[in-house]
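Okay, so here's the structure we're looking at.
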Number of protein chains: 2
Amino acid sequence: MENKKEELTPEELKEKGYRVFDLIESYFQKLESFPVLPKVKPGDIKNNLPASPPESGEDFETILKDVEDIIIPGITHWNHPHFHAYFNSTSSSAGIFAELLSATFNSNGMLWKTSPALTELEEVTLNWFKNLLDLPENFWGIIYDTASVSSMHAIAAARERTGLEIRTKGMAGRAKLPKLILYTSEQAHSSIDKGAITLGIGSENVRKIPVDNKYRMLPSFLKKAIQKDKDAGLLPFCVVATVGTTSTTSIDSIAKIAEITGEEGLWLHVDAAYAGPAAILPELKFIFNGIEMADSVVINPHKWFFLPVDISILYIKHPQILKQAFSLTAEYLKTNEDSDVINYMDYGIQLGRRFRALKLWFVMRYFGKKGLINILRNHIAWAKEFESLILSNKEMETMAPVNFGTVTFRFIPSFLKTDEEINAFNERLLNEVNTEGKIFISHTKLNGKFTLRFVVGGIRMEKKHVVEAWDILQYHFNLLKKNF
Amino acid sequence: MENKKEELTPEELKEKGYRVFDLIESYFQKLESFPVLPKVKPGDIKNNLPASPPESGEDFETILKDVEDIIIPGITHWNHPHFHAYFNSTSSSAGIFAELLSATFNSNGMLWKTSPALTELEEVTLNWFKNLLDLPENFWGIIYDTASVSSMHAIAAARERTGLEIRTKGMAGRAKLPKLILYTSEQAHSSIDKGAITLGIGSENVRKIPVDNKYRMLPSFLKKAIQKDKDAGLLPFCVVATVGTTSTTSIDSIAKIAEITGEEGLWLHVDAAYAGPAAILPELKFIFNGIEMADSVVINPHKWFFLPVDISILYIKHPQILKQAFSLTAEYLKTNEDSDVINYMDYGIQLGRRFRALKLWFVMRYFGKKGLINILRNHIAWAKEFESLILSNKEMETMAPVNFGTVTFRFIPSFLKTDEEINAFNERLLNEVNTEGKIFISHTKLNGKFTLRFVVGGIRMEKKHVVEAWDILQYHFNLLKKNF
């Protein structure tokens, strides 16, 4: 055993750290020259890597060279200003620095004691963020990793509030326990189904309420569905509304839905994972109308607030119910301060907890409220300009209102008559555009119609990128018209 | 809106990045002069921070100054070489650089397409790690955030394998569905209970099997408990064994437990979150004897493999069952490559997925197999030397075998007679040692005895730190003997 590779000294760490930032500078300098989607086939990266780790340690230079030669050509460039797919998550410099410091300190905030600054900065920044969005004062916040996990915890709290002792007795083998029923719209995110599946609710017990022509949940149908289930002896317990659905960014009416959940005594959870940050804009405060009647809301700053993945915030009106559902303190985790502080481990399944509040703090401070408003307002303006271009083009149509930075549309070349042909045309166009790699867009299906999605939301995105993207789409459209 | 604070240019990002590494160098230079546990009271950090975010953006210098003045004095220093509490998780430089790059690329590996290099590096590095530990070839790996989440997924797969259609029909309101019963030892981690609670199994349906005098699950009691439940018409479905329990790092016999789960057709999950990496040492391969008969195992490289939190690996023999339990592809996530690649989102509740494999790759390459063996072997040797010192001291006793880098012990001053007095003495000693801040140790309770835990496991820990810690403990012991 001759190899005694040791941890770097602080000087060496700094020196190599500079070297990593040289690589990062070069990455961002070259970023726009990369295809957004990498030109690799399944297996290309695996085949470039050895089957076993090295026996002896390697130099950082060697490792960094492989990052440049193997990893960078193989990643999809989420930070690319022409990433217009899904919901474009981007990491600002402020967020990157904070993640670097978070890895340096390596704080684990399972208890207040295991990192007081982590716990208290989480409290403070979640209050800041709540104030920016004008969320109700009595909403208490906690950071999880992803919206799926946040929503699962909200549904778990709703399950706990039924008072049916599910935490202790479980759900199986209980003759008198009725089926628990959850309601959400046809346009809700798949994470709601996954939450229900995980929690033992069952996918069949998730009712998908129809939507109107703007893809918003129809409260009248919700009301009927609840009544029908009650009549059948089932137990409605939770409704999930969405502010900014994934396909079209439609906005369910929290106020109208809350009227029903209020009457029925159901938990109302709001999934605002994508669109939540837009409530920082005075002109978009209305998206949270009625939120004071909701029980919980999830917002992901890693989506449209320029924080690196992952960070998801759950605000909840009844933290004590969440605690009741999950708190479980082993002897080795008891501390003298337990009664005076928040131990975030009490409020969820995860014990380990990264220092995620640091990046939220960095980003809110670096840009400031005005800076963030400015960025989001621009994104929405550019998306609406993109929409105007579509509306003035006879061979295109929009598929849903543009509420935020996301545009849904399709091409309708005059020589195609059936939806089937039009679908095939748009699907082929999508593939040709993305394969070229200059821009990356994604798709969805709306009432059987293959729909293109164009998202404006990256921190490095400028108006010129939206204009360029339009031209690229037109170029491919004209090309495909000839070849279809 | 005059403030138009913009994202940094690549040059500015590099320049400020250098500045952050200056701060990091200074942090590590001063680290040993900081108290491991910060000298703060609840509220101290909150009270130092404004109630709202700034209206206009701030300079990085201002933010970094607050990191130095407010955050660093308020964190518990997990990377401090005298952090001897819990399981000491530390971040090596290699891991820190990888996290920096991960935040830079901001890859989200929900689909292969959304970052091929992320997905394929995850496959490759999990094979490397599997080879280092000599885990069975047919174990398939996936990275989650924490062991709690990994174990929850394992138990969910076990629930799915019952064939009771719980994914679709749920667990409530089904007259013929028997109670599902899970077995683990009295010494198992609380995450197993939390997993069962989350999944709707219920905490009452988690059987805590007694342990022997080395805190290992007693297979004969497991066998009897299963039989008893079957006789009562209940449905045993899963057993969780632990390799390296949290209190004492005891090692359940996988082979003996697997004999029973094999006969009974139960899922066997192994929680090796802490101790798993020790199987890199030839002399400790035995801890996984019988693992080929298990169905899944969780190992957390962020505990004792020098990767920053968070990274937890689940190896599972039946990935198709995990997929069956969780796969749910919305239209907007369908890709052309779905049949040729792994889309990790299909195997769990979380959709978003950070580029965690990068740090596993960096650390295995930087240290190499020999380097990692050397570090872990030293930790264990120093822990055993610490144990020898205890064994040769009449006023101390060890509480469990030292299997890895963790020592459990207590002081037994000759003038104290009852366990009650001895408990009070050790608890006070713990508080005095930790309040001083030179070292940080933690505690547990074993058969009613207040037990101190001393962990050797940090990347910056040297033999001298263990010797120093011994002296510090003796100093406080002698002081407390006079004042008790």
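Laboratory data are not the source of any read-out in this text; all were calculated from the coordinates shown. It should be emphasised that the depicted structure is a prediction, and the values quoted were computed from it without experimental measurement. In this analysis, Cβ positions are derived from the backbone assuming ideal geometry, glycine residues included, and neighbour counts consider all displayed protein chains.
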Please give the Cα centre distance for segment B:16-31 versus segment A:281-352, rounded to the nearest Å. 31
Only four residue types carry charge here, +1 at the Cβ of Lys and Arg and -1 at the Cβ of Asp and Glu. Report the dipole size of chain B about the Cα centre in Debye, rounded to the nearest 20. 1520
Sequence order, segment B:459-470: Karplus ³J(HN,Hα) from phi using 6.51 cos²θ - 1.76 cosθ + 1.60, θ = phi - 60°, Hz rounded, Gly and Pro as x, gives 5, 9, 7, 10, 4, 4, 5, 5, 5, 4, 4, 4
Determine the alpha carbon to alpha carbon distance for each of A:438/B:130; A:14/B:285; A:230/B:176; B:285/B:317; A:5/B:464 and list only those over 30 Å. A:438/B:130; A:14/B:285
Consider the operator that turns chain B into chain A: which B residue has a Cβ nearest its axis, and what is that gap in Å? B:200, 1
Between the residues B:31, B:126, B:108, the Cα farthest towards the positive end of the dipole of segment B:23-130, that dipole coming from +1 and -1 charges on the beta-carbon of Lys, Arg, Asp and Glu, is from B:126
What is the projected area of the convex hull of the Cα atoms of segment A:219-331, averaged over all directions, in nm²? 9.8
Long-range HN-HN contacts of residue B:267 with modeled amide H, under 5 Å: B:238, B:239
Put a point 7 Å out from Cα along the line to Cβ at residue A:228; what are the distances to that point in the other copies, in nm, shortest first? 4.7
Over all distinct Cα pairs, what is the inverse of the mean 1/r for the protein assembly as shown, reported as the Kirkwood hydrodynamic radius in Å? 28.7
Packing-based order for B:173-182, B:55-64, using average beta carbon neighbours within 10 Å, highest first: B:173-182, B:55-64
Sequence-distant residues sharing a close amide H with residue B:311 (under 5 Å, placed H): B:302
In whole Å, what are the Cα extents of chain A along the three principal axes, biggest one first? 73, 61, 46
Averaged across the residues of A:56-66, what count of C-beta atoms belonging to other chains lies within 10 Å of each residue's C-beta? 4
For segment A:406-421, in residue order, the Karplus 3J(HN,Hα) values (coefficients 6.51, -1.76, 1.60; θ = phi - 60°; whole Hz; Gly and Pro = x) are 10, 10, 10, 7, 8, 8, 10, x, 5, 7, 9, 10, 8, 4, 4, 5
From the label point of residue A:11, set 7 Å from Cα along Cα→Cβ, how far away are the matching label points in the other copies, in nm, ordered shortest to longest? 3.0
Under the definition of partner shielding as Cβ atoms of other protein chains within 10 Å of a residue Cβ, what is the mean value for peptide A:30-42? 2
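For segment B:147-235, just say rounded, prolate or oblate: build the C-alpha gyration tensor, square-root its eigenvalues into a ≥ b ≥ c, call rounded for a/c under 1.5, and beyond that prolate if a/b exceeds b/c, oblate if not.
Working: a/c = 2.48, a/b = 1.39, b/c = 1.78.
Taking the square roots of the gyration eigenvalues as a ≥ b ≥ c, segment B:147-235 is oblate.
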Cα centroids of segment B:156-208 and segment A:418-484: how far apart, whole angstrom? 46
Counting only residues 5 or more places away or on other chains, whose amide H sits under 5 Å from the amide H of residue B:209 once H atoms are built in the peptide plane? B:184, B:185, B:186
Over all residues in B:177-183, what is the mean tally of Cβ atoms on other chains that come within 10 Å of each residue's Cβ? 3
Net lengthening on full extension, residue A:230/residue A:436 (0.36 nm per residue, minus Cα-Cα): 68.8 nm
Determine ³J(HN,Hα), in whole Hz, for all residues of segment A:260-275 in sequence, where each value follows from phi through the Karplus function 6.51 cos²θ - 1.76 cosθ + 1.60 and θ = phi - 60°; x replaces Gly and Pro. 6, 5, x, 4, 8, x, 9, 6, 10, 9, 10, 9, 10, 3, 7, 8
So for each of A:40-51, A:79-90, B:316-327 I average, over its residues, the number of other beta carbons within 10 Å; can you give me the resulting order with the highest mean first? A:79-90, B:316-327, A:40-51
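Once the Cβ-Cβ distance between residue A:214 and residue A:417 is put in as r, and R0 is 30 Å, what FRET efficiency do you end up with, to the nearest 0.05?
0.70
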Kindly give the distances from residue A:30 to its copy-mates, label point to label point, with each label point 7 Å from Cα along Cα→Cβ, as nm values to one decimal ordered shortest first. 3.8
